[in-house]
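Note sheet for the following structure.
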Amino acid sequence: MRLPASFIDTWKPRLLSVLRIVVAFLFMSHGMQKILAFPAPASHPVNLASLGGVAGLLELFGGALLLVGLFTRPVAFILSGEMAFAYFMAHAPQGFWPLLNRGELAVAYCFLFLYFAIAGAGVWSIDWWWRHRAHDGRDRGVRTRVGMRGA
């Protein structure tokens, strides 16, 4: 089955937003567990001054920024690095295969965030709204000046 190009062009930026929102929500839950002990407490308490505490803060606040699509590209780049660091610090020393060292989620997050760092947030985001609001204002000003010259 081949989808029409117009359908793909319409839905591609929307599904990018849906993917970002779902991934950010799932990622935030790791930070909420570490920092807020919600929806379930962490297996051991996390000190905010530790690597786990910094990771929890990045997961919670970085995930929240991604969820709403604010500063998506730089935040996603930082979170991608965090996940690469987490993989090589916590998972890779336990063996080569991500399935066996339980690091497949860190790898998946790392490359999803790297994708968001390049692709951006999609149309359902504060970044998109902010960029297009500023662009629309410039267009209105140009139209007004052109309209005034013609009058």
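If you put +1 on each Lys and Arg Cβ and -1 on each Asp and Glu Cβ, how big is the dipole of the chain around its Cα centre, in Debye rounded to 20? It would help to have the intermediate numbers written out before the result.
Values: 14 positive and 7 negative charges, 167 e Å.
Dipole magnitude for the chain comes out near 800 debye.
Please report the carbon-and-sulfur percent of the accessible area for the range 45-145; probe 1.4 Å, protein heavy atoms only, DNA, RNA and ligands left out. Spell out each step's value before the answer.
Values: 4680 of 6400 Å².
With neighbouring chains kept in place, the figure for the range 45-145 is 73 percent.
Please state, as a whole number in µm²/s, the translational diffusion coefficient that the Stokes-Einstein equation yields for the chain at 4 °C and 1.567 mPa s, with Rh defined as the Kirkwood radius across alpha carbon pairs. Please list the in-between numbers first.
Values: Rh = 17.6 Å.
Translational diffusion coefficient: 74 µm²/s.
To the nearest 10 degrees, how steep is helix 5-36 against the longest Cα principal axis of the chain, on a 0 to 90 scale?
Rounded to the nearest ten degrees, it is 40.
Along the charge dipole of the chain, which of Gly52, Val18, Trp130 sits closest to the positive end, that is, farthest toward it, with unit charges on the beta carbon of Lys, Arg, Asp and Glu (+1, +1, -1, -1)?
Going by the charge dipole, the pick is Trp130.
How high is the FRET efficiency between Ala92 and Ile118 when r is their beta carbon distance and R₀ equals 25 Å, given to the nearest 0.05? The partial results should precede the final answer.
Working: r = 24 Å, r/R0 = 0.98.
E between Ala92 and Ile118, to the nearest 0.05, is 0.55.
Relative to the longest principal axis of the chain, what angle (0 to 90°, nearest 10) does the C-alpha long axis of helix 104-119 take?
Long axis of 104-119 versus the principal axis of the chain: about 20 degrees.
Angle, helix 72-86 long axis vs. longest principal axis of the chain, Cα atoms, 0 to 90°, nearest 10?
Orientation of helix 72-86: about 10 degrees from the principal axis.
For the range 58-112, what number results from the quotient of the Cα radius of gyration and 2.2 N^0.38 Å? Mind showing how you got there, number by number?
Working: Rg = 12.1 Å, N = 55, 2.2 N^0.38 = 10.1 Å.
Against the empirical 2.2 N^0.38 Å value, I get 1.20 for the range 58-112.
The values are calculated or read from the model by the stated rules, or taken from the named source; none is laboratory data. All values reported here derive from a predicted model rather than from experimental measurement. Note: ideal-geometry Cβ built from the backbone for every residue, glycine included; neighbour counts use all protein chains shown. Heavy atoms of the whole protein, side chains included, go into the accessibility calculation; ligands, DNA and RNA do not. Shrake-Rupley method; radii C 1.70, N 1.55, O 1.52, S 1.80 Å.
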